[in-house]
Amino acid sequence: MKTVQVKLYLNLRKYATPAMDNGQGPLSLQENHTTNDLLAALGIPSGEECTLVVNNRIAGKDLLLKDGDQVAVLPPVSGG
Amino acid sequence: MTFSLRGKLLDIDLTAGKAREITIPEADYRAFLGGSGVAAKWFYDTGKMQLSPLDPEAPLFVMTGLLTGVNVPTACKASFCGRSPATGIWSESTVGGRWPSALRSCGYDGMIITGCSAEPVYLYLREDKVELREAGHLWGKDVYATQEAIREEVEDENLRAAAIGPAGEKQVLIAGIIIDGHDARAAGRGGMGAVMGSKRLKAIAVSKGKKTPKPYDPDALDRARREAVPRIREKTRGLTDYGTAGGVPVVEKLGDLPIRNWTGGSWTEGAARTSGQAIMESAGVGHYACYRCPIRCGKEVQVTKGPHAGTEAHGPEYETAAGFGACLLNDDLHTIVAANDLCNRLGLDTMSTASVIALAMELYEHGLLKAEDAAGLELNWGNGEAILSLVEQIGNREGIGEILSRGVRRAVAHFGPPAAEFAVETKGLEYAFHDPRAFTSMALVYATGNRGACHLEGLTYFSENRAFPPELMGLEPEYEPHGYQGKPLLAKTMQDYMGTFNALGLCKFLIRGHVTPAEVSDWVKACTGWTMDAQELLTAGERIFNLKRLINTGLGISRKDDMLPPRLFAHDRVEGAAGGSLPHLGKMLWEYYRLRGWSPEGIPTAERLEQLGLPSR
Ligand code: SF4
């Protein structure tokens, strides 16, 4: 098992788990889990557009996550 | 078949104090759609492009869009077009709110204003009537007070005005035109407020009439609108709740925020403190929608700082929140709110004003500008008192504001080396606050933008970030954010599409509601009775884009000007999600010019111009 720190932004906060506070908190994953698995674990459907930023780097959907990674899950909102 | 959307155009000579009505041929509407498209066509045909922008004879085009006022989602815009005194090239500054549809309801599609009045005047329009009225008593008043005074004078409490404030009167080169008084929507960019000021034209006031154009096929339009509006509402809920500034924390995380005059990589806490959510929680009092808009991104807020503390005002949008926030390292949202309100009252472009203040703060940091040069102000990053004071000095051209009021390019020329290192502008226009190092297609959009460093001419960060999925335009679905593959086609395609919006009078946030060219062309068909498919619409956009380029190449623009400033081109950030990224501009330009049918020097070729039905000079 590994634990990553997740921060959900704006409307994606609705996918927060009970262990999270204000869309932010830890999430436990299997050792072989990727960013895609993280989305599945949060129950974010594949049709929901979002961008992942892992440790301040934009990440693809198949990045293998490490224990302690900081993962931001962002909706496609980019100001005006 | 009748083309029922056409109104009259007013040709106004302020020197002679005369107006006459003219009619735009339907062929011009078909080829250039309306709004800034038709304005570009008429500007090109006047042959007056070479006149200095502040020459009395230089024309100012005020044009509503083809669909403005008709019951089409967000059909609310008008554009102020001509040659910019800030950049010296083509400029169009577009605004929504309620004034444009009121103008159209009087039976006018717009006006061409030339000449200069001997004394200050304002134009007063009613249905089929135009009057020039004395405005000596309004000169010096701020934008809000101007509309109020005209309302009382003509006894119409619903009157709407497009007005300049003291900044435009004093020909501040970053002055805008603000409409709807206290509701304050801004045609900010390019210094068009200075053009109005140079003509001694304080305002264009309009009492609503009953001549709003009728669509050709109301039933078809009704069906199309019913299909579109629920989807638009659903996809833009974030804009409705928090306004465009709701995006501040998201773009910060993507490395897209212009932190500390574009040098900082991360500012997470500051972004949270200056977000649309924070603004609405601690200062919000309500929501605001432009005419016919189902999105309602406008916000109303309480001002708690500065000379107008205690009043209510239009809330800061993303660009203003990012400019007066992250760019100045100011995390006090109340200062942002007050700066926004001051800019609106004085008639200043918030984006250029924040940019030139960022320049001043960086000059101060490096000892090139001292407190004694700025009336004793310590221009430290984030100093809210200094920010508000500089806004007033710029708007009134007082003290250091005299130099800063000329915009970044001219201010840099004043301060000398190495000030150019801190300058963030292209073709003389200060940048919008989305970083081309974070979404590299934006490097092309900024470098080739017809009015200078404009984000709105392409908005490709929406595509790259999938707020407007690129496959809706028949493009590749995914792009490497910091790469360059596929980006020239993305930039060109989106520029062609976005070029139709200012011509049609539509708000570009429609793309956040996934509105496609096929859908827009259906609206145009239902409104006009023309045959028009998505491809024809995009070709019109391409024609409009090329015509503006033709105006600019006539003014000396070529590849040498399609550049990024050194800070965005060669100075990568050390941290944040865009850390280490620099756009491959040169590589992308080759492909971009090829797709455009332009020479390697960035000049439209005779063949492409002919294909588009444009003159080959
Ligand atoms: S989305 Fe915002 S700017 Fe656009 S028309 Fe609606 S209220 Fe106006």
List the residues of segment B:454-475 whose accessible area drops by at least 10 Å² when all protein chains are present, compared with their chain alone, using a 1.4 Å probe and counting only protein heavy atoms.
-> B:Y461, B:F462, B:N465, B:R466, B:A467
Cross-link list A:K61/B:K548; B:K41/B:K492; B:K211/B:K508; B:K41/B:K202: which exceed 32 angstrom alpha carbon to alpha carbon?
-> A:K61/B:K548
Just tell me which lysines come within less than 19 Å, Cα to Cα, of B:K214; anything on the same chain fewer than 8 places away is out.
-> B:K8, B:K77, B:K525
Distance from the Cα centre of segment B:397-419 to that of segment A:1-28, in angstrom?
-> 47
Rounded to 0.05, the calculated FRET efficiency for the beta carbons of A:Q30 and B:Q485 at R₀ = 41 Å is 0.75
The size of the Cβ-based charge dipole (Lys, Arg +1; Asp, Glu -1) of segment B:8-206 about the Cα centre, to the nearest 20 debye, is 480
Added length on full extension, which subtracts the Cα-Cα distance from 0.36 nm per residue, B:D55 to B:E227 | 57.1 nm
Here the averaged projected area of the protein assembly as shown, based on the convex hull of its alpha-carbon atoms and given in nm², is 27.8
When the accessible area of each residue in segment A:10-39 is compared between its chain alone and the complete protein assembly (1.4 Å probe; ligands, DNA and RNA ignored), which residues differ by at least 30 Å², being lower in the assembly?
-> A:L10
Say the dipole of chain B comes from +1 at the beta carbon of Lys and Arg and -1 at that of Asp and Glu; which of B:L239, B:C76, B:L138 then lies farthest toward its positive end?
-> B:C76
Approximate spin-label separation B:L595-B:D45, in nm, with each point projected 7 Å along Cα-to-Cβ | 3.1
If you stretched the chain out fully between B:D11 and B:K214, how much longer would it get, using 0.36 nm times the residue separation minus the C-alpha to C-alpha distance?
-> 70.7 nm
Name the shape class, rounded, prolate or oblate, that the alpha-carbon gyration tensor gives for segment B:435-611, where a ≥ b ≥ c are the square roots of its eigenvalues, rounded holds for a/c under 1.5, and otherwise prolate holds if a/b is larger than b/c and oblate otherwise.
-> oblate
Quick note, segment B:438-510: a/c under 1.5 would make it rounded; otherwise a/b > b/c is prolate and the rest oblate (a ≥ b ≥ c, C-alpha gyration tensor); here it is oblate
In nm, give the distance between the simple-model label positions of B:L132 and B:R410, each being 7 Å from the Cα along the Cα-to-Cβ direction.
-> 2.6
Computed, not fitted: 222 nm per-residue ellipticity of chain B from DSSP H runs ≥ 4 (each -39500 (n - 2.57)), nearest 500, equal to -11500 deg cm²/dmol
Whole-angstrom Cα spans of segment B:238-423 along principal axes, big to small = 48, 34, 27
Which percent of the accessible area of chain B is formed by carbon and sulfur heavy atoms (probe 1.4 angstrom)?
-> 49
In square nanometres, what is the average projected area of the Cα convex hull of segment B:149-196?
-> 3.3
Can you give me the Cα centroid spacing of segment B:211-231 and segment B:563-609 in angstrom?
-> 40
Inverse mean reciprocal Cα-Cα distance (Kirkwood Rh) of chain B, Å = 23.8
Would you work out which of B:L10, B:T114, B:L54 lies farthest towards the positive end of the dipole of segment B:1-130, given +1 charges on the beta-carbon of Lys and Arg and -1 on that of Asp and Glu, about the Cα centre?
-> B:L10
When the Cα centres of segment B:353-381 and segment B:4-31 are compared, how far apart do they sit, in Å?
-> 46
Work out how much length B:Q302 to B:E269 would gain on full extension: take 0.36 nm times their residue separation and subtract the Cα-Cα distance, in nm to one decimal.
-> 9.6 nm
With a 1.4 Å probe on protein heavy atoms only, work out how much accessible surface A and B bury together, total over both chains, in Å² to the nearest 100.
-> 1900
Indicate the gyration tensor shape class of segment A:2-74 (rounded, prolate or oblate), computed on the Cα atoms with a ≥ b ≥ c the square roots of the eigenvalues: a/c under 1.5 is rounded; otherwise a/b larger than b/c is prolate and the rest oblate.
-> rounded
Residues losing 40 Å² or more accessible surface upon assembly, segment B:568-617, compared with the chain by itself, 1.4 Å | B:A577
Got a sec? Charge dipole of the protein assembly as shown, +1 on Cβ for Lys and Arg, -1 for Asp and Glu; which of B:I259, B:A27, B:A447 is way out at the positive end?
-> B:A27
The protein assembly as shown - accessible surface per residue (Å², probe 1.4 Å) | 33
Label-point separation in nm, B:S616 to B:E365, each point 7 Å along Cα→Cβ | 5.1
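The values are calculated or read from the model by the stated rules, or taken from the named source; none is laboratory data. Please read all numbers here as calculations on a predicted model, not as lab measurements. Please note: Cβ atoms are built from the backbone with ideal geometry, for glycine as well, and neighbour counts cover all protein chains shown. Please note that ligands, DNA and RNA were not included when accessible areas were found on the heavy atoms of the full protein model with its side chains. Shrake-Rupley method; radii C 1.70, N 1.55, O 1.52, S 1.80 Å.
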